[in-house]
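This report concerns only the one structure given below.
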Amino acid sequence: MKEVIEYLLNFAFNKGFGFILTDKLKSTTPSCANPTKNKIIVNMNWHNQNELPFQLAHEIGHMLNGDEGVLYYSSYSSHSKIERSADDKAIDLLFKYCLDTNDVTLNYIDFMNYYGIPNYLEQNVRRRYAYYFSN
């Protein structure tokens, strides 16, 4: 897991994104991104450490998309589209990591488990897995 986090942090750094890794937050405080301030904050104290690669990739997705920093006051439909787009970017970044490091898992379920991808994204991951690894 350390290797994928390092890969993602290097990706963010090379894109010019700032980031803070902290273990001072509560274990239930999610990581976040604020593209207007060019900063990602990663909660390294997150209660499920296996989810850190996906969380970091998701926040990088927000940065790549140029999303607004705080979404608490946005409508559900726009919030949903914004989050889905960040999820898509995150999944693509994790597949890119696998391809760049020749770390191909046997199936998309193992991929999801290893990188802490939530179950509600299973169909999306399955479709993308077939695209990336069927060739």
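The values are calculated or read from the model by the stated rules, or taken from the named source; none is laboratory data. No experiment lies behind these values; they were computed from the predicted model shown. Cβ: placed from backbone, ideal geometry, glycine included. Neighbour counts: every protein chain shown. Each accessible area value is taken on the protein alone, full model and side chains, heavy atoms only, with ligands, DNA and RNA left out. Shrake-Rupley method; radii C 1.70, N 1.55, O 1.52, S 1.80 Å.
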- Message: Ranking request for peptides 17-23, 81-87: highest mean number of other beta-carbon atoms within 10 Å first, then the rest in descending order.
- Response: 81-87, 17-23
- Message: 7 Å from Cα along Cα→Cβ at both N14 and D110: what's the point-to-point distance in nm?
- Response: 2.6
- Can you give the Kirkwood hydrodynamic radius for the chain, in Å, rounded to one decimal and based on Cα pairs? 15.2
- Antiparallel bridges, percent of DSSP beta bridges restricted to the chain (to nearest 5): 40
- On the protein heavy atoms, probe 1.4 angstrom, tell me the percent of accessible surface of the chain carried by carbon and sulfur. 51
- Item | Unit charges on C-beta of K, R, D, E only; dipole of the chain, Debye | 260
- Note on the structure: With Rh as the Kirkwood radius over Cα pairs, region 1-47 has Rg/Rh of 0.98
- Query: How would you order 58-67, 100-109 from highest to lowest mean count of nearby Cβ atoms within 10 Å?
  - Reply: 58-67, 100-109
- Which entries of K2/K96; K15/K96; K26/K96; K15/K39; K24/K96; K2/K81 show an alpha-carbon separation above 21 angstrom in the structure shown? K26/K96; K24/K96; K2/K81
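So if we plug the beta-carbon distance of S134 and N50 into 1/(1 + (r/R0)^6) with R0 = 25 Å, what FRET efficiency do we get, rounded to 0.05? Provide the component values of the computation, followed by the final result.
On the way: r = 26 Å, r/R0 = 1.05.
Here the calculated transfer efficiency is 0.45.
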- Task: Leaving out ligands and nucleic acids, note down the accessible area per residue over the chain with a 1.4 angstrom probe, in whole Å².
- Result: 60
